[in-house]
Number of protein chains: 2
Amino acid sequence: MVIREEKRKKIDKFDLRMIKLLSKNARLNYRQLAEYLNTTRQRVSRRLERLEREGIIKKYTVVPDLSRLGYIYVILGITLTPGTSIDEEIENIKNREDVKVIERAIGPHNLVIHLLVPKDMKEVEKRINEITGKLKNIEKVDVTFVTDIVKFELI
Amino acid sequence: MVIREEKRKKIDKFDLRMIKLLSKNARLNYRQLAEYLNTTRQRVSRRLERLEREGIIKKYTVVPDLSRLGYIYVILGITLTPGTSIDEEIENIKNREDVKVIERAIGPHNLVIHLLVPKDMKEVEKRINEITGKLKNIEKVDVTFVTDIVKFELI
């Protein structure tokens with residue numbers, strides 16, 4: 001039984017091909033996926049449900065033209081002072097509606113935050129001050145404004 | 001006629017609510033969207049097709065657990081020397097399979113690249129050298145390794 005469980009958790013080429021197809025168009029239905037992968041809808045549905053259940057697929061989402069929707073897209077690259085609990089810092093900001101992406105990281109920044117703000121630079125300043133005010137141990141914040149998403153895939 | 005075209009291009013609250021629903025689950029079908037939005041499938045399908053056609057919705061994609069798929073996720077924050085043509089630089093790298101995200105930006109970095117590399121630090125070094133070798137006018141590269149995606153939405 002343990003061995004079967006182990007076997008089930010392995011990701012094979014079929015799973016990867018399916019994930020790559022969905023990364024190009026997450027709205028493909030079972031029938032379309034089955035056609036592309038030359039298999040049955042049953043196999044597609046079984047595998048997809050497993051990938052979702054096990055968290056290999058975290059979510060399906062949409063990539064909008066943020067500028068045309070009236071938003072400014074800002075990346076905050078944050079360096080926390082050594083020894084800071086990143087989990088605690090994340091807790092203070094993660095439920096904000098304007099904080100869209102939170103990534104733990106190592107390198108010049110150990111916290112990367114993507115912020116979506118209505119097109120108004122005063123509002124951007126206010127939001128950045130609110131967020132950095134909530135973080136207790138900041139050493140440095142790099143503010144980068146994304147002006148165009150030229151390419152976007154996640155796998 | 002011109003006025004009607006103008007009217008059609010406006011994004012209203014209904015569009016925004018639909019895009020936000022899809023950002024939480026891009027696989028919702030017309031029937032489900034219609035239920036959430038308290039409207040008809042016809043209206044959902046008509047509006048969605050317009051948003052896609054006009055590029056307000058750029059694509060639907062999947063957010064996978066990259067680490068469990070065997071990848072290291074690296075952000076390259078690149079500062080180009082002043083006066084460089086960003087378009088030309090992007091042209092040199094945009095077709096690489098491992099370059100997943102390319103963003104034009106203003107701030108400390110004017111080019112942000114997301115790189116997906118199989119889990120092997122030697123391979124990571126090789127890929128970064130290949131990419132920075134293709135860019136002609138680099139002033140500085142900040143390499144950040146994403147260790148966990150805690151939150152991920154795009155709208």
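Any idea what angle helix B:41-53 forms with the longest principal axis of chain B, computed on alpha-carbon atoms, 0 to 90 degrees, nearest 10?
Compared with the principal axis, the helix lies near 30 degrees.
With chain B rotated onto chain A, spot the residue of B whose Cβ lies nearest the axis and note the distance in whole Å.
Spelled out as residue then distance in Å, it is B:Ala26, 2.
Can you work out the Karplus-derived ³J(HN,Hα) for every residue in segment A:104-114? Use 6.51 cos²θ - 1.76 cosθ + 1.60 with θ = phi - 60°, whole Hz, and x for glycine or proline.
Residue by residue, segment A:104-114 yields 7, 8, 10, x, x, 10, 10, 8, 10, 10, 9 Hz.
Aspartates and glutamates near B:Lys119 by alpha-carbon distance under 19 Å, same-chain residues fewer than 8 away left out - which ones?
Within the straight-line limit of under 19 Å, B:Lys119 reaches these aspartates and glutamates: A:Asp12, A:Asp15, A:Glu103, A:Glu153, B:Asp65, B:Glu97, B:Asp98, B:Glu130, B:Asp148.
Treat the protein assembly as shown as a sphere of radius equal to its Kirkwood radius over Cα pairs and apply Stokes-Einstein at 25 °C in a medium of 0.890 mPa s; give the translational diffusion coefficient in µm²/s, rounded to a whole number.
116
For segment A:70-86, just list the computed ³J(HN,Hα) in residue order, Karplus coefficients 6.51, -1.76 and 1.60, θ = phi - 60°, integers in Hz, with x standing in for Gly and Pro.
x, 10, 9, 10, 10, 9, 9, x, 10, 9, 8, 5, x, x, 5, 7, 4
Label segment B:49-114 by shape, choosing from rounded, prolate and oblate, from the square roots a ≥ b ≥ c of the eigenvalues of the Cα gyration tensor; if a/c is under 1.5 it is rounded, and otherwise prolate applies when a/b is larger than b/c, oblate when it is not.
oblate
Measuring label to label, 7 Å along Cα→Cβ, what does B:Ser85 give against each other copy in nm, shortest first?
Ordered by increasing distance: 5.3 nm.
Could you tally the net charge around A:Pro82, taking each other residue with its Cβ under 14 Å from the Cβ of A:Pro82, Lys/Arg +1 and Asp/Glu -1?
Taking every other residue near A:Pro82 into account, the sum is 0.
Assume the label is 7 Å from Cα along Cα to beta carbon: what separations in nm does A:Lys20 have to the matching positions in the other copies?
Here the equivalent label points are 3.6 nm apart from this one.
Heads up, I need the accessible area for A:Asp148: 1.4 angstrom probe, whole protein in place, Å², nearest 10.
Roll a 1.4 Å probe over it and A:Asp148 shows about 70 Å².
Count of lysine pairs in segment B:1-107 with Cα atoms under 25 Å apart, counting only pairs 8 or more residues apart in sequence or on different chains?
Eligible lysine pairs with Cα atoms under 25 Å apart amount to 24.
Given contacts defined as C-alpha pairs under 8 Å and at least six residues apart, what's the relative contact order of segment A:49-155, whole-number percent?
Values: 134 pairs, mean separation 37.6, N = 107.
Worked out over segment A:49-155, it gives 35 percent.
Given just the C-alpha atoms of segment B:72-155, how large is their convex hull per residue in cubic angstrom?
Residue-normalised Cα hull volume stands at 108 Å³.
So for the pair A:Asp120, A:Arg96, with labels modelled 7 Å out along Cα→Cβ, what separation do we get in nm?
With each label placed 7 Å out from Cα toward Cβ, I get 1.6 nm.
For B:Val150, which sequence-distant residues (separation of 5 or more, or a different chain) have an amide H within less than 5 Å of its own amide H, given hydrogens modelled in the peptide plane?
Those qualifying (amide H under 5 Å, at least 5 residues apart or on another chain) are A:Ile102, A:Glu103, A:Arg104.
Can you send over the solvent-accessible area of A:His114, 1.4 Å probe, protein chains only, in Å² to the nearest 10?
10
Enter the angle in degrees (range 0 to 90, nearest 10) between the Cα long axis of helix B:13-24 and the first principal axis of the Cα atoms of chain B, meaning the one along which they spread out most.
The two axes meet at around 50 degrees.
How much length, in nm to one decimal, is gained on full extension between A:Phe14 and A:Tyr36, taken as 0.36 nm per residue of separation minus their Cα-Cα distance?
6.8 nm
Can you work out the accessible area per residue across segment B:24-155, with the rest of the protein chains kept in place, probe 1.4 Å, in square angstrom?
On the way: 6370 Å² over 132 residues.
Accessible area per residue, segment B:24-155: 48 Å².
Say R0 is 35 Å: what FRET efficiency, to the nearest 0.05, do B:Asn29 and A:Lys140 get from their beta-carbon distance?
Given R0 = 35 Å and the Cβ-Cβ separation, E is 0.15.
At A:Lys140, with labels set 7 Å past Cα in the Cβ direction, how many nm apart are the copies from this one, shortest first?
0.7
Viscosity 0.890 mPa s, temperature 25 °C: what is the translational diffusion coefficient of chain B from Stokes-Einstein with a Kirkwood Rh over Cα pairs, rounded to a whole number of µm²/s?
Stokes-Einstein gives a translational diffusion coefficient of 132 µm²/s.
The values are calculated or read from the model by the stated rules, or taken from the named source; none is laboratory data. All of these numbers come straight from a predicted model, not from anything done at the bench. Because the Cβ atoms are built from the backbone with ideal geometry, glycine has one as well, and the counts that use them run over all protein chains shown. Remember, those area values only see protein heavy atoms, side chains included, never the ligands or the DNA or RNA. Shrake-Rupley method; radii C 1.70, N 1.55, O 1.52, S 1.80 Å.
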